[in-house]
Amino acid sequence: GEDTGRPSASSAASNSPESNRWFLFVSGLGGGSEDSYVQSMCVAAARRGWKVAVLNMRGCGNSPITSPRFFSAMRGSIEDMKETVKYIRSTLARGEKAIVSAGGWSNGATIINN
């Protein structure tokens, strides 16, 4: 059937509210926005003028499970990454032209590179 679930994304403002530069962080396997290493990188990016978002994979990082499909490093995570970038551009950036950069750790870096 059709997958109606969505990945979970956390976001925060930067010190430069006029900036439309976004940095999307993707944690390692099973991690998420509550991990200290993710939070410290978000703070560092925000201090440098980036608006930040963190992709919490399905069921990871205390994100809700909203469909029968769970996070899988084998399938689906690339589509969730693309969906999150679309969400940043259309909703968080309010449809304005946004620069979206991404960084990740471990499996999160693999998802970005794929």
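Counting only residues that are more than 24 Å from K97 (Cα to Cα) and free of Cβ contacts under 8 Å to residues at least 12 places away in the same chain, which one in region 21-43 is least open to solvent (accessible area, probe 1.4 Å)?
S40
Restricted to region 44-57, and to residues that are open to solvent by less than 70 Å² (accessible area, probe 1.4 Å), at pLDDT 90 or above and not small (G, A, S), which residue is nearest to T84 (Cα to Cα)?
Applying the filter and picking the extreme gives V54.
Based on what the data block shows, is L92 closer than 22 Å to N113 by Cα and either at pLDDT below 75 or open to solvent by less than 80 Å² (accessible area, probe 1.4 Å) (or both)?
no
Six or more apart or on different chains, Cβ under 9 Å: which pairs go from a residue in region 87-114 that's touching a residue at least 12 places away in the same chain (Cβ under 8 Å) and more than 17 Å from S77 (Cα to Cα) to one that's of a type in the set (D, E, K, R) and open to solvent by less than 70 Å² (accessible area, probe 1.4 Å)? Could you list them?
Close Cβ pairs satisfying both conditions: L92/K51; A93/K51; A98/K51.
The conditions are (1) modelled with pLDDT of 85 or more; (2) in contact with a strand residue (DSSP E or B) (Cβ under 9 Å, 6 or more places away or on another chain), and S40 fails exactly one of them. Which is it?
For S40, the failing item is (2).
The values are calculated or read from the model by the stated rules, or taken from the named source; none is laboratory data. Predicted, not measured: the structure shown is a model, and the values here were computed from it. Reconstructed Cβ throughout: ideal geometry from the backbone, glycine too, with neighbour counts over all protein chains shown. What goes into the accessible areas is simple: the full protein's heavy atoms, side chains included, and nothing from ligands, DNA or RNA. Shrake-Rupley method; radii C 1.70, N 1.55, O 1.52, S 1.80 Å.
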